[in-house]
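Here's the structure, in structure tokens; my notes come after.
The values are calculated or read from the model by the stated rules, or taken from the named source; none is laboratory data. All of these numbers come straight from a predicted model, not from anything done at the bench. Don't worry about glycine lacking a Cβ; one is built from the backbone with ideal geometry, like all the others, and counts go over all protein chains shown. Side chains are part of the model used for accessible areas, which takes the heavy atoms of the whole protein and leaves out ligands, DNA and RNA. Shrake-Rupley method; radii C 1.70, N 1.55, O 1.52, S 1.80 Å.
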Amino acid sequence: MRKVAVAGVGLVKVSEHWGKPIGTLFADAALQAMKDAGTDDVDGLYVSNMSGALMQEQLNMGALMADAIAKQGLHAVRVEAGSASGGVAFHEAVKAVASGYSDCVLVAGVEKMSDVLPEVVTKSLAMEEEQEYSAYTGVTKPGLSAMLYRLYLGLYAEPSEVGMMAVQSHDNAVGCRHAQYPFRMSIERAMDSPMEADPIHMMECAGVGDGAAAIVLVPADTDGVEVAATTVATDYCSLPMREDPLTLGAVRKAAEKAFKLAAVKPGDVDLVEVQDDFTINGVLSLESLGLVERGKAAKFVAEGGAARDGELPTNTFGGLKARGNPLGATGVYQVAEVALQLRGAAGDHQVEDAKIGLAQNMGGLGSTCAVTILRRLGR
Amino acid sequence: MSVPRYWREEVPRYRLLGKVCAGCGAKFFPARPVCTECGSTEFKDHKLAEVGEVVTWTVVRNPPPGFEKYKPYVVALIELEDGMRLLSQVVDVDPEEVQKGMRVEAVFRRVKEDGKAGIIQYGYKFRPVVE
Amino acid sequence: MKTARQVGIVGYGAYVPIYRLEASEVNRVWGGDGAPVEEKSVVAPDEDTVTISVEAAKQAVRRSGIDPSEIGAVYVGTESKPYAVKPSGTIVAEAIGATPNVSTADIEFACKAGTEAMQNCIGLVGSGMQRYAMAIGADTAQGRPADALEYTAACGGAAFIFADRSADTVAYLEASYSYVTDTPDFWRRSKEMYPRHGSRFTGAPAYFKHIQGAAKGLLEETGYKPEDFNWAVFHQPNTKFPIRVGRGLGFTMDQINPGLVAPKIGNTYAGSTPIGLAATLDIAEPGDKIFAVSYGSGSGSDAFIFTVQEAITEKRGGPKLVSFIDRKKYVDYATYLRFRGQIIQ
């Protein structure tokens, strides 16, 4: 297998793009990434999209998106793994280049959520869960995370500490051009917001937005940003089956394998992008990734450990909460943001001397997890 | 929901009927094709306990389509007296009354309906134990 | 009417949903000052005649100690079927584990549907066609807003499993009697949301005439007098009627009181007499005799005489009806409308 490098990235601002159809949104990110890479000679396309079948009634998204960027004839496929679609698509794209099957691959995530009403978004998120015995109870995606949140509160932290995950993400988003909500939010505002699924407040949840992010992958050279590891792991799809609900098994497995493949230790990681679609998910992710000790992540975040100049800079462009969470595109945003950091191209968001970065993208209640470790080459 | 999908799960949902692995005795709810403990694909029926306690819970305030008329409602992770765990709504209770360790028992309730003309879907929910 | 083989009740159960609407709340909204009952049970948004039936049926199965797959008939008497076409009985039978060797049907005879289901099951067992037959009376009754029925139209149900009389039966049937004429005092046309009724016409020529007809017929046929009974149950559309008809027949308040649940739960229609009977079995002692008469508009009455057996002391475990009556949450009128699905969305 050959080493793979990130040659270019393209990021569309997460927003309500009322006037833009999904293909145009996709093309904006894809063209930007190919321009950034200095080539449009791609021989493979991996489209990550979670809910197009429901929200746009659109299947066969691989061909549609290849067509949108005038690349008829291209090898193209859509990857769906719930909210982990982006991370998993990236993984598949890396394998295509690593194996030698492809030499220049475009991986692009796109999701257009503003086409549907809020209850359809709720339904779409619930579709990530097993339908007959989990979703059949009427539980929602925030509802499932809320059950973990309550367990966590009973053992380790206060809501105002868990909620700091959202505050931190907003702090980091200020000035970010591709972020949906680039403004500060106080912990009071989060804690005073209405309950979405007790004990999760509305302002502890990522919002609804349209977005597209793209990455061009090529065989690695001696310079640039290489893919040190990319892994995918899964877990029981039903919460009641999990022996220890507060350990996200897929996250742990994907992380352990990624650290091994990349030959790095958790302590080597200079920055991390985690799945903070709900504050508690971000907290539990930091712990299950092995980056913060069990039961300590909420306090770690509350005490500034996750700040851009903290011990472990986390969600440096705002994370899902403030950059935005266009579902199937989110995992690609995360990897692209890590790549920007390692290239030293993160502008005001730059983490100083970042050499190793990790992105963690999770579907369902952690039933699928993709972990990517990028490493800066040379210098 | 399609009628066959509903009909297929009627008995397990109506009667809280799970499976016990013929190979190793591991118990499951709902049924699964392969035993997670021993890999066996042979199972027998296993009736779940109908009393248990709340392990953790949430209050769903913005439900998916089909559940609107019940909002807000409580969904809990419940551990049954036989050690099995499942997710279920907890009804006949105000959300603020729910507590960790609250004893609950299975009841048979409407889960949702396919509009005014479609089928009515029933299943299990739990309520505080009536002594 | 007497059966060829002696028939008894091997298990019973009764259930009332948790929500209550007080008469004063109806008065607050509509400006009246009536109180035909103190309060009535209100169906939760996720309950209907089928779920109420299953709850009562599961209690009956548990108390009977029998294998539910041996139940050969499940008859649901109701005037509030969730489906216009599709049996409630199949859902109940599936839920309790009586399928597939079972006969089921929904029986409609206004408020008498529950005891009509009992008559059917008694016949099946008495003839030897079935070993066990379950009769359910359950309703989620409709009352037009501002109508007199709005105070009382309530929900609840009871289930009885009939079997050959044995040491396992909690009570056995001595005799029954049915009295029916065509008397249109109350009706609901198909696709109508609410029933219509003849106001005072529902009294003397309807309720009183038929209950008295069935009661007197059964007393005459068996040679019993009111004082021979420990307990008496009459259909309870409100608090007043069962008391007036019972006392008129020569029964005392002491005999009537244990089964008189309407003041606290309202009129549970097809569930009314069966629930009253269950409430009475909850307190009865071996050897007690129970006189029970239903009434269903249209009109007719079924009268029964049961004698309580030794097994009652062993086989009424678990929560009694009073636990469900006392377990309550009051709702305001708006919530009542919401639960009943009467708010247009």
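Computed quantities for the displayed model
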read-out	value
Mean projection area, nm², convex hull over Cα of the range A:152-294	10.8 nm²
Charge sum, other residues only, whose C-beta stays under 10 Å from residue A:231's C-beta, Lys/Arg counted +1 and Asp/Glu -1	+2
Fraction in percent of alpha-carbon pairs per bin - 10 Å, chain C	6, 29, 37, 22, 5, 0
Mean-position separation - Cα centroids, the range A:193-213 and the range B:70-101, in angstrom	23 Å
Spin-label pair residue B:22/residue A:72, simplified geometry with 7 Å Cα→Cβ offset, distance in nm	5.6 nm
Cysteines (scope the protein assembly as shown) whose Cβ has no counterpart Cys Cβ under 4.7 Å	A:104, A:176, A:205, A:237, A:369, C:111, C:121, C:155
Peptide ranges C:101-112, C:258-269 listed from the most packed, as the mean C-beta count within 10 angstrom indicates	C:258-269, C:101-112
Cα centre as origin, Lys/Arg/Asp/Glu Cβ charges: the range C:171-313 dipole, Debye	900 debye
FRET efficiency estimate (nearest 0.05) - Cβ-Cβ, residue A:160 to residue C:199, R0 56 angstrom	0.35
Helix-only CD estimate at 222 nm, as mean residue ellipticity for chain A, using -39500 (n - 2.57) per DSSP H run (n ≥ 4)	-10000 deg cm²/dmol
Rg/Rh ratio calculated on Cα atoms of the range A:307-375 (Kirkwood radius)	0.96
Under the Karplus curve 6.51 cos²θ - 1.76 cosθ + 1.60, θ = phi - 60°, whole-Hz ³J(HN,Hα) for the range C:298-312, x wherever Gly or Pro sits	x, 8, x, 9, 10, 10, 9, 10, 10, 10, 6, 10, 3, 4, 4
For B:107-114, mean number of other protein chain Cβ atoms within 10 Å	6
Neighbour cut-off at most 14 other Cβ (10 Å), DSSP loop, GluC sites (Glu not before Pro), the range A:262-337	A:293, A:303, A:311
Gap separating the Cα centres of the range C:110-132 and the range A:95-162, nearest whole Å	53 Å
Sequence-distant residues sharing a close amide H with residue C:8 (under 5 Å, placed H)	C:163, C:164, C:165, C:173
Peptide B:87-98, shielding by other chains (average Cβ, 10 Å cutoff)	4
Extreme residue, positive dipole direction of the protein assembly as shown, given options A:356, A:114, C:128 (C-beta unit charges)	C:128
Amide hydrogen neighbours beyond the local backbone of residue B:40, cut-off 5 Å, H modeled	B:35
Within the accessible area of chain A (1.4 Å probe), percent carbon and sulfur	51 percent
Positive-pole candidate from B:74, A:50, C:3, dipole of the protein assembly as shown, charges at beta carbon	C:3
17 Å Cα-Cα reach of residue C:315 towards lysines, excluding residues that sit fewer than 8 places from it in its own chain	C:58
Rg [Å, one decimal], Dmax [Å, integer] - chain A, C-alpha atoms	18.7, 56
Net charge over other residues, Cβ less than 13 angstrom from the Cβ of residue A:208 (K, R count +1; D, E count -1)	-3
Burial ranking of peptide ranges C:271-284, C:122-135 (average Cβ count within 10 Å, highest at the top)	C:271-284, C:122-135
Dipole of the protein assembly as shown, positive end: most advanced residue of A:82, C:319, C:141 [Cβ charges, Cα centre]	C:141
Those aspartates and glutamates that a straight Cα-Cα span of less than 17 Å connects to residue C:329, excepting residues fewer than 8 apart in one chain	B:92, B:94, B:96, B:97, B:131, C:22, C:25, C:38, C:39, C:46, C:47
32 Å Cα-Cα threshold exceeded, pairs from A:253/B:100; C:81/C:264; B:112/C:264; B:69/C:86; A:296/B:19	A:296/B:19
Nearest-0.05 FRET efficiency for residue C:322 and residue A:24, computed from C-beta distance (R0 60 Å)	0.35
Dimensionless Rg/Rh of the protein assembly as shown - Kirkwood Rh, Rg from C-alpha atoms	1.10
Distance from the range A:272-312 to the range C:168-201 (C-alpha centre basis), Å	67 Å
Longest to shortest principal axis, alpha-carbon extents of the range C:171-313, angstrom	47, 31, 24
Karplus-derived 3J(HN,Hα), 6.51/-1.76/1.60, for each residue of the range A:180-187, Hz, glycine and proline x	6, 10, x, 9, 6, 9, 7, 5
Distance (nanometres) between label positions extended 7 Å along Cα→Cβ at residue A:59 and residue C:86	2.7 nm
Residues with amide H under 5 Å from that of residue C:103, placed H, sequence gap 5 or more	C:73, C:74
Residue-count net charge about residue A:81 - beta-carbon cut-off 12 Å; Lys, Arg +1, Asp, Glu -1	-2
10 Å Cβ neighbours from other chains, averaged over peptide B:48-60	5
Spin-label pair residue A:186/residue C:181, simplified geometry with 7 Å Cα→Cβ offset, distance in nm	7.9 nm
Assigned charges on the beta-carbon of Lys, Arg, Asp, Glu; chain A dipole about Cα centre (debye)	660 debye
Average projection area in nm² (convex hull over Cα atoms of the range B:49-131, one quarter of hull surface)	5.6 nm²
Between 0 and 90°, nearest 10: helix C:113-126 axis offset from chain C longest Cα axis	10 degrees
Exposure ranking of A:277, A:348 by accessible area [1.4 Å probe, largest first]	A:348, A:277
Relative contact order, percent, chain A [alpha-carbon distance under 8 Å, six or more residues apart]	26 percent
